[in-house]
Amino acid sequence: MQRVTRQPSVLPWIVAFKAVKATVLTALGVMLLMAIPRDPVDFVVQIAMAVHLPLTSRLVDRGLTLAFRATPRKEEALAHLVSFVARVCKGSKAASYKSECEVAQTLVLRLERRGP
């Protein structure tokens, strides 16, 4: 009877290579997105329009969420909006700025929902 020896499988090495490759490419993409000198949100919208994705798609929403998180001025905008709502919308002239207050409160909720 002949003794059959099994060759070691290459499959675990292929899987490990694919995992490392995916991690490196994801990190590279995030670094490039953060390094571009323009607004990342605008960049994501332009990419979505270039490949004809609807702006309401789940993929675009996830991209916008990442872009909002990569935008350092979001916190500054949120602070200004909260300040506006606190001073104007809860003050004596709230009635004259009703529509602006509604828009500001909607934007605050939207920015807070996206999270840091």
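Does any residue in the range 74-90 that is farther than 14 Å from THR106 by Cα come within less than 7 Å, Cβ to Cβ, of a residue that is in a helix (DSSP H, G or I) six or more places away or on a different chain, and which pairs are these?
Qualifying pairs under 7 Å: LYS74/PHE68; LYS74/LEU111; VAL88/TYR97; VAL88/CYS101.
For the range 76-94, enumerate the residues that are of a type outside the set (Val, Ile, Thr), out of contact with any Leu (no Cβ under 9 Å at 6 or more places or on another chain) and part of a helix (DSSP H, G or I). Outline the logic, then answer.
So the first thing to find is which residues in the range 76-94 are of a type outside the set (Val, Ile, Thr), and the list is 76-81, 83-84, 86-87, 89-94.
Now drop any that are not out of contact with any Leu (no Cβ under 9 Å at 6 or more places or on another chain), which leaves 76, 79-80, 83-84, 86-87, 89-94.
Selection gives GLU76, ALA79, HIS80, SER83, PHE84, ALA86, ARG87, CYS89.
Output yes when any residue across the range 57-69 is in a helix (DSSP H, G or I), farther than 20 Å from VAL30 by Cα and free of Cβ contacts under 8 Å to residues at least 60 places away in the same chain, and no when none is.
No: the range 57-69 contains no residue that is in a helix (DSSP H, G or I), farther than 20 Å from VAL30 by Cα and free of Cβ contacts under 8 Å to residues at least 60 places away in the same chain.
Here's the yes/no breakdown for (1) at pLDDT 80 or above; (2) of a type outside the set (Asp, Glu); (3) under 16 Å from the mean Cα position of the chain (by Cα); (4) on the phi < 0 side of the Ramachandran plot:
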| position | (1), (2), (3), (4) |
| --- | --- |
| THR71 | no, yes, yes, yes |
| GLU76 | no, no, no, yes |
| VAL82 | yes, yes, no, yes |
| VAL85 | yes, yes, no, yes |
| SER92 | yes, yes, no, yes |
| GLN105 | yes, yes, no, yes |
| ARG113 | no, yes, yes, yes |
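The values are calculated or read from the model by the stated rules, or taken from the named source; none is laboratory data. Fair warning: this is a prediction, and the values are worked out from it, not measured in the lab. With ideal geometry, Cβ positions are generated from the backbone for all residues, glycine too; neighbour counts draw on all protein chains shown.
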